[in-house]
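K.L.:
Structure provided below as structure tokens; questions to follow.
The values are calculated or read from the model by the stated rules, or taken from the named source; none is laboratory data. None of the values given here were measured: they were computed from a predicted structure. Counting neighbours? That spans all protein chains shown, and the Cβs are built from the backbone with ideal geometry, glycine included. The accessibility values were calculated without ligands, DNA or RNA, using every heavy atom of the protein model including side chains. Shrake-Rupley method; radii C 1.70, N 1.55, O 1.52, S 1.80 Å.
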Amino acid sequence: MKLQGKTALVTGSTSGIGLAIARAFAFEGASLMINGFGDPDEIERIRQELEASSGAQALHDGADLGDADAIEAMIRRCGHELTAPDILVNNAGIQFVSPVEEFPVEKWEAILRINLTAVFHTTRLCLPAMRQRGWGRIINTASAHSLVASPNKSAYVAAKHGVAGLTKTVALEAAKDGVTVNCISPGYVWTPLVENQIPDTMKARNLTREQVMQDVLLAAQPTKRFVTVDEVASLALYLTSDGAASITGANLSMDGGWTAA
Ligand code: NAD
């Protein structure tokens, strides 16, 4: 139980990668604040499962990460009902696929708000308590798209490149305070986020579902298989360990070789 006595806030953890990270942290005894949308009964089931696994408290906060006030209220609540987060995982993210000249302005703004600006807000609000304790871990789920681009993903690629830059900057600012700040950059991971973009990519590129999976998504991934959520969670867990104390400001690829090409 390596995370016993630690509190972790994992944004976007009602599904996909965030849920796998929350489960991995619970298995090591962390108190958890999970966040994200979904069916209330399913979220309650997840919350209870996390508590049973960790033997510690797990709370859910439904803050919309597009809303700075809601983010602030969630972090205040975490401090009151658990403790201020020792570990912050900025994982919530959304995607929209469209050529740039047709990209809906409100989608651009939502992607920048949720995928990038929310990371700024949670970071600025959680960092003071981490600094005060002399220990903290900030782990941002970026993407291979923080390093390279793909067509029709202008907002997502811009936001993820922004997350990579923010990660490096905060790592430098917090380097002497026992706080590490890193991002994990997965290639394609089989989650609802990927599954949901298949119909739009089929439309945008006039392809079948099978063609999108093999010729668009896995085309870039030399291993020709999707990354698993558990693989990403195991790297996040490693970054919380004492052995990872000197890893900071890193953008850690987990993309089956995609960005090596
Ligand atoms: P997912 O759709 O399974 O999960 C996204 C989570 O974010 C959910 O819990 C959802 O409720 C939450 N969320 C969405 N909008 C929110 C909002 N406004 N406020 C609060 N929560 C919100 O997606 P995933 O694939 O697990 O993605 C998680 C992260 O990993 C994202 O940042 C994504 O960009 C990144 N990522 C995913 C892949 C992939 O292939 N799946 C690859 C690289 C990076």
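K.L.:
Using the Kirkwood radius built from alpha carbon pairs, what does the Stokes-Einstein equation give as D for region 124-196 at 20 °C and 1.002 mPa s, in µm² per second?
P.N.:
Translational diffusion coefficient: 160 µm²/s.
K.L.:
Could I ask something else about it? Mind checking the angle between helix 154-174 and the chain's longest principal axis? C-alpha axes, 0 to 90 degrees, to the nearest 10.
P.N.:
Compared with the principal axis, the helix lies near 30 degrees.
K.L.:
Which listed residue (Ile138, Pro99, Leu65) has the Cα farthest towards the positive end of the charge dipole for region 1-151, taking +1 on Lys and Arg C-beta and -1 on Asp and Glu C-beta about the Cα centre?
P.N.:
Going by the Cα projections, it comes out as Ile138.
K.L.:
Any chance you could tell me what percent of the C-alpha pair distances in region 45-189 go past 24 Å?
P.N.:
38 percent
K.L.:
Once amide H atoms are placed 1.01 Å from N in the peptide plane, what residues at a sequence separation of 5 or more from Asp61, or on another chain, have their amide H within under 5 Å of its amide H?
P.N.:
Distant-sequence amide H within range of Asp61: Ile34, Asn35, Gly36.
K.L.:
Further question: Using modelled backbone amide H atoms (1.01 Å from N, in-plane), which distant-in-sequence or interchain residues come within less than 5 Å of Met254's amide H?
P.N.:
Residues meeting the amide H criterion: Ser185, Gly187.
K.L.:
What number do you get for region 105-227 when its Cα radius of gyration is normalised by 2.2 N^0.38 Å, N = residues?
P.N.:
Output field value: 1.23.
K.L.:
Could you grab the Rg to Rh ratio for the chain? Cα atoms only, Kirkwood for Rh.
P.N.:
0.96
K.L.:
Given Cβ point charges of +1 (Lys, Arg) and -1 (Asp, Glu) and nothing else, what value in debye, to the nearest 20, does the dipole of the chain about its Cα centre take?
P.N.:
720 debye
K.L.:
Could you work out how much longer the chain between Thr223 and Ala260 gets when fully extended? Use 0.36 nm per residue separation minus the Cα distance between them, nm to one decimal.
P.N.:
Here the answer is 12.1 nm.
K.L.:
Roughly to the nearest percent, how much of the accessible area of the chain is carbon and sulfur, given a 1.4 Å probe?
P.N.:
54 percent
K.L.:
Show the residues, 5+ positions off or on another chain, whose built amide H is closer than 5 Å to the amide H of Ile94.
P.N.:
The answer is Asn115.
K.L.:
Using a 7 Å offset from the Cα along the Cα-to-Cβ direction at both Ser150 and Glu195, what is the distance between the two label points in nm, to one decimal?
P.N.:
Placing both labels 7 Å along Cα→Cβ, they lie 1.7 nm apart.
K.L.:
Based on the mean of other Cβ atoms within 10 Å per residue, sort peptides 128-140, 235-247, 203-215 so the most packed one is first.
P.N.:
Output ranking for 128-140, 235-247, 203-215: 128-140, 235-247, 203-215.
K.L.:
Moving on to the next point. Subtracting the Cα-Cα distance from 0.36 nm times the residue separation, let me have the gained length for Gln57 to Val100 in nm, one decimal.
P.N.:
Taking 0.36 nm per residue and subtracting the Cα distance, the gain is 11.1 nm.
K.L.:
Something else about it: What length, rounded to one decimal in nm, is gained on full extension from Ala158 through to Gln4, with 0.36 nm per residue of separation minus their alpha-carbon distance?
P.N.:
Once the chain is fully extended between Ala158 and Gln4, it gains 51.8 nm.
K.L.:
Return the sequence-ordered ³J(HN,Hα) values of region 122-139 in whole Hz as given by the Karplus equation 6.51 cos²θ - 1.76 cosθ + 1.60 applied to θ = phi - 60°, using x for Gly and Pro.
P.N.:
Each residue of region 122-139 in turn: 4, 5, 5, 7, 8, 4, x, 5, 5, 4, 4, 7, x, 7, x, 9, 10, 10 Hz.
K.L.:
When the Karplus curve 6.51 cos²θ - 1.76 cosθ + 1.60 is applied with θ = phi - 60°, which whole-Hz ³J(HN,Hα) does each residue of region 4-18 get, with x for Gly and Pro?
P.N.:
Values, residue by residue: 4, x, 9, 10, 10, 9, 10, 7, x, 10, 8, 7, x, 5, x Hz.
K.L.:
I'd like to check one number: the per residue accessible area of the chain, probe 1.4 Å, reported in Å² as a whole number.
P.N.:
44 Å²
K.L.:
Using the Karplus curve 6.51 cos²θ - 1.76 cosθ + 1.60 with θ = phi - 60°, work out ³J(HN,Hα) for each residue of region 108-114 in order, rounded to whole Hz, and write x for Gly and Pro.
P.N.:
4, 5, 5, 5, 5, 5, 7
K.L.:
Another question, then. Please report, in Å, the Rg and the Dmax of region 57-124, where both are computed over Cα atoms only.
P.N.:
14.2, 47
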